[in-house]
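Undergrad: Submitted below is the structure of interest, expressed as structure tokens.
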Amino acid sequence: MSAVMAEKPFLLEAEGLAKAFKGLLAVHNYHVRVSKGEILGIIGPNGAGKTTVFNLITGVLPPTRGWIRFQGHNIVGRAPHEIARMGIARTFQNIRLFRALSVRENVMLGLQMHARAGLGETILSLPRFLERERRLADEAMHLLELFDLDHLWASPAQSLSFGHQRRLEIATALATRPSLLLLDEPAAGMNPSEKEELMGLIHHIHKEFDLTIIIIEHDMRVIMGICQRIQTLNYGEVIAEGTPAEIQANPRVIEAYLGHSQPMGTLLQRA
Amino acid sequence: MNKNTLFYLALLTGLLFLAQSLLNDYYQRVLAVVFINIILTVSLNLTNGFVGDFSLGHAAFMSIGAYLSAVLTLPPASKAGLMPQLPAWLGQLEVPFLAATILGGLLAALVAAVVGIPVLRLRGHYLAVATLGLMVIVRVVAINWTAVTRGAKGINGLPAFTNLWWVFGWAVVTVYVVWRLVNSSYGRAMIAIREDATAAAARGVNVTAHRMLAFCVGAFFAGIAGALWGHLITAITPHSFSFLITFNVVVMLVVGGMGSISGSILGATVMTLVPEFLRRVETSLSLGGHPLYGLSQIIIAVTITLVMIFRRQGLLGGREVQLPRLFDRQRALPQARVDTTG
């Protein structure tokens with residue numbers, strides 16, 4: 001089993017990744033290897049560089065050093081929209097929807113890179129354009145049904161409740177048909193039952209869409225419940241990596257979180 | 001194009017026939033200016049209202065369209081007199097009005113692309129500064145390239161080709177093209193860029209390409225409007241297309257409501273007609289024997305200030321006004337958008 005795993009190329013690989021903001025090293029010598037189908041968790045105290053790692057992978061920020069390979073291709077230096085088209089989708093820590101667009105249009109925007117009419121067809125409103133728009137709308141509705149948001153399709157995204165906005169953002173990310181999904185604190189601001197629901201949803205889309213997922217999360221119950229492997233970041237560096245059980249027992253992790261050694265069980269109870 | 005659209009087009013055409021036969025020259029000219037301002041405002045809305053860039057380049061693009069079309073439509077005989085230094089092939093050339101107008105628009109779009117390539121890759125309001133600079137450059141070229149532009153003297157005696165039908169036709173084309181663009185994947189991408197460019201890129205939207213498209217389409221129609229204006233007034237100078245024109249168009253856009261095509265049409269109409277009629281009022285009114293010159297400008301300035309204080313999002317607030325549907329037809333794709341530009 002492990003021999004087979006080793007031969008399989010990694011979906012995402014990064015090595016020696018660093019990002020400096022005017023002398024402040026937000027990320028330092030970061031490395032990651034994610035196999036297809038895996039769910040990797042990234043934890044760490046605030047300011048540990050977790051979101052910066054996502055920004056480096058998605059091309060929002062250029063790394064100061066290091067390389068990133070996705071499906072065997074170097075993606076450092078590529079524009080964010082090119083990386084999105086290659087199959088990396090993300091959500092944001094603070095929900096970022098297109099507030100003036102309707103719920104369905106938000107999803108159609110993610111879908112449209114796969115079925116887009118040309119400029120001439122669009123302006124002349126040729127049948128091919130109309131058919132593509134209809135197909136985009138249909139596909140968007142299917143996706144919205146899966147997220148139980150289809151009844152809200154015509155509402156502007158800004159009118160949705162917080163929980164619905166979180167779900168919609170994941171739906172718009174999936175609309176780009178990614179193979180790698182990056183979730184940035186999806187459970188932030190949710191109550192326990194919403195968190196349960198979210199975990200179910202992540203499990204479901206992981207299987208249904210054949211996804212590989214990297215998730216940043218502070219909620220230990222969520223992280224321990226869905227991740228197969230966990231990385232812990234502190235001061236922009238990976239200080240521990242392993243299975244949930246290994247991470248829970250790692251004294252460096254506990255120290256990074258609490259400042260002194262204390263059993264991980266307390267963390268779990270707090271969450 | 002459905003039955004409703006055709007009906008309203010036919011209605012407008014009929015009204016235009018009436019206007020042509022009933023109105024005197026003055027009113028017909030005012031109406032033509034209304035349509036030219038609709039072209040300018042609707043096209044500027046694409047950049048400033050939908051993509052959320054702030055362009056101040058409309059006067060420059062008008063100037064480009066006006067000068068090129070003027071050089072192309074002038075009969076060779078007048079060109080020989082006005083611009084003796086013109087290259088021989090250009091001196092011999094006489095291009096039909098429609099083709100000259102389109103070429104004027106295309107040159108404006110090309111210049112927009114040249115300005116846009118370095119600027120539109122940057123985030124922020126660099127476009128406003130760059131387009132202001134472009135306006136200065138265009139004016140300096142117009143003043144100094146005397147062989148073609150006759151410098152500060154300007155070109156006069158342009159054939160008066162522009163009539164109500166030309167300006168109406170181009171206004172319809174402008175509104176149609178912008179409306180089609182906005183209600184398509186292009187428009188979704190443009191609005192998404194306005195709302196959050198980083199998030200739009202994360203969903204696969206090529207931000208630079210869409211900003212560029214909006215800017216160039218806007219410049220094309222500004223060039224068209226310039227050509228129409230030149231052949232309406234029949235004389236152009238480097239100072240015809242000043243910052244005041246850009247400012248007026250921005251005001252029309254803001255008063256009507258950014259991000260709404262019907263708002264642009266309304267803004268352009270109101271902000272053309274009101275000052276024009278106030279100008280007549282100020283000459284007829286007098287206070288203690290002095291005519292009240294400048295009253296119209298004061299009233300307009302006060303109006304804009306009031307709009308900014310009480311209705312920042314403009315008269316229509318980014319919404320579209322739908323004319324009543326007279327012929328029932330299944331609605332294709334209902335839109336649900338609200339404005340967040342205000």
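Undergrad: Among DSSP bridges having both ends in the protein assembly as shown, what percentage is antiparallel? Round to the nearest 5.
TA: Details: 24 of 40 bridges.
Looking only at bridges with both residues in the protein assembly as shown, the antiparallel portion is about 60 percent.
Undergrad: Continuing with the same structure: Select from B:A108, B:A222, B:A192 the residue whose mean-square fluctuation is largest in a Gaussian network model of chain B (Cα-Cα springs shorter than 10 Å).
TA: Its mean-square fluctuation being the largest, the pick is B:A192.
Undergrad: Another question, if that's okay. Compare B:L107, B:L12, B:L120 in a GNM of chain B, Cα atoms joined below 10 Å, and give the one with the largest fluctuation.
TA: B:L12
Undergrad: I'd like to know which of B:V71, B:Q85, B:V141 lies farthest towards the positive end of the charge dipole of the range B:26-242, counting +1 on Cβ of Lys and Arg and -1 on Cβ of Asp and Glu.
TA: B:V141
Undergrad: On to the next question. Quick check on my link table: of A:K22/A:K195; A:K50/A:K195; A:K19/A:K207, which ones sit more than 31 Å apart, alpha carbon to alpha carbon? Numbers along the way, then the final one.
TA: On the way: A:K22/A:K195 37 Å; A:K50/A:K195 21 Å; A:K19/A:K207 33 Å.
As for pairs spanning more than 31 Å Cα to Cα, those are A:K22/A:K195; A:K19/A:K207.
Undergrad: Given the Cα atoms of the range A:88-195, and with Rh set as the inverse mean 1/r over their pairs in the Kirkwood sense, what is Rg to Rh to two decimals? Numbers along the way, then the final one.
TA: On the way: Rg = 14.7 Å, Rh = 14.5 Å.
Expressed as Rg/Rh, it is 1.02.
Undergrad: Averaged over its residues, how many other protein chain Cβ atoms are within 10 Å of peptide A:76-88's Cβ atoms? Could the numbers behind the result be given before it?
TA: On the way: counts 0, 0, 0, 5, 11, 12, 3, 3, 7, 4, 1, 0, 1.
Rounded to a whole number, the mean comes out at 4.
Undergrad: Dividing the alpha-carbon Rg of the range A:126-271 by 2.2 N^0.38 Å yields what? Walk me through the numbers on the way to the answer.
TA: Numbers: Rg = 18.7 Å, N = 146, 2.2 N^0.38 = 14.6 Å.
Relative to the rule-of-thumb radius for its length, the range A:126-271 sits at 1.28.
Undergrad: Toward the positive end of the charge dipole of chain B, about the Cα centre and with charges on Cβ (Lys, Arg +1; Asp, Glu -1), which of B:F247, B:V175, B:G104 goes farthest?
TA: Result: B:V175, furthest along the dipole toward the positive end.
Undergrad: Tell me which trypsin sites (Lys or Arg not before Pro) from the range B:238-317 have a DSSP coil assignment and no more than 13 other beta carbons within 10 Å of their own. Intermediate results must be reported in sequence, preceding the final value.
TA: Numbers: sites: B:R279, B:R280, B:R311, B:R312; in loops: B:R311, B:R312.
Loop-located and lightly packed - B:R312.
Undergrad: Let me ask another. Within 10 Å of each candidate Cβ there may be at most 11 other Cβ atoms; applying that plus a DSSP loop requirement, which trypsin sites (Lys or Arg not before Pro) in the range B:1-107 survive? Walk me through the intermediate numbers first.
TA: Details: sites: B:K3, B:R29, B:K79; in loops: none.
Hits after loop and neighbour filter: nothing returned.
Undergrad: For q = 0.09, 0.10, 0.11, 0.12 Å⁻¹, what log10 I(q)/I(0) does chain A give under the Debye formula with an equal point scatterer on each alpha carbon and no solvent?
TA: Once normalised to I(0) and log-transformed, intensities are -0.45, -0.55, -0.66, -0.78.
Undergrad: Ignoring solvent entirely, what values of log10 I(q)/I(0) come out of the Debye formula for the protein assembly as shown at 0.06, 0.11, 0.12 Å⁻¹ when each Cα is a single scatterer?
TA: These q points yield log10 I(q)/I(0) values of -0.42, -1.05, -1.17.
Undergrad: So for chain A: antiparallel DSSP bridges make up what percent, rounded to the nearest 5? Each step should come with its number before you reach the end.
TA: Working: 20 of 36 bridges.
In chain A, approximately 55 percent of DSSP beta bridges are antiparallel ones.
Undergrad: Right, something else. Measuring with a 1.4 Å probe in the full set of protein chains, what accessible area per residue, in whole Å², belongs to the range B:157-204? Walk me through the intermediate numbers first.
TA: Numbers: 1220 Å² over 48 residues.
In whole numbers, the range B:157-204 has 26 Å² accessible per residue.
Undergrad: Any idea what the dipole of the range A:108-193 comes to, in debye rounded to 20, about its Cα centre with Lys/Arg Cβ at +1 and Asp/Glu Cβ at -1?
TA: Working: 8 positive and 11 negative charges, 46 e Å.
Dipole of the range A:108-193, to the nearest 20 debye: 220 debye.
Undergrad: Let me know the shape class of the range B:19-133, please: from the alpha-carbon gyration tensor, a ≥ b ≥ c as square roots of the eigenvalues, rounded when a/c is under 1.5, otherwise prolate if a/b is greater than b/c, or oblate.
TA: Judged from the Cα gyration tensor, the range B:19-133 comes out oblate (a/c at least 1.5, b/c at or above a/b).
Undergrad: If you count, for every residue in A:94-104, the Cβ atoms of partner chains within 10 Å of its Cβ, what is the mean? Display every interim value, and only then the final one.
TA: Values: counts 0, 1, 7, 4, 13, 7, 12, 10, 6, 1, 3.
Per residue, the average neighbour count from other chains is 6.
Undergrad: Shifting gears a bit: Output the Kirkwood hydrodynamic radius of chain B, Cα pairs only, in Å rounded to one decimal. Could you put the intermediate results ahead of the total?
TA: Values: mean 1/r = 0.0474 Å⁻¹.
Final number for the Kirkwood radius of chain B is 21.1 Å.
Undergrad: Connecting C-alpha atoms closer than 10 Å in a GNM of chain B, tell me which of B:G288, B:G169, B:G52 has the biggest fluctuation.
TA: B:G288
Undergrad: Something else: Place the peptides A:156-169, B:134-147 in order of packing, highest mean first, counting for every residue the other Cβ atoms within 10 Å and averaging per peptide.
TA: Details: A:156-169: 18.3, B:134-147: 16.6.
The most tightly packed comes first, giving A:156-169, B:134-147.
Undergrad: Given +1 on the Cβ of Lys and Arg, -1 on the Cβ of Asp and Glu, and no further charges, what dipole in debye does chain A carry about its Cα centre, rounded to the nearest 20?
TA: Roughly 660 debye for chain A.
The values are calculated or read from the model by the stated rules, or taken from the named source; none is laboratory data. Computed from a predicted structure; not experimentally measured. Virtual Cβ from ideal backbone geometry, glycine too; neighbours counted across all protein chains shown. All accessible areas refer to the heavy atoms of the entire protein, side chains included, with ligands and DNA or RNA removed. Shrake-Rupley method; radii C 1.70, N 1.55, O 1.52, S 1.80 Å.
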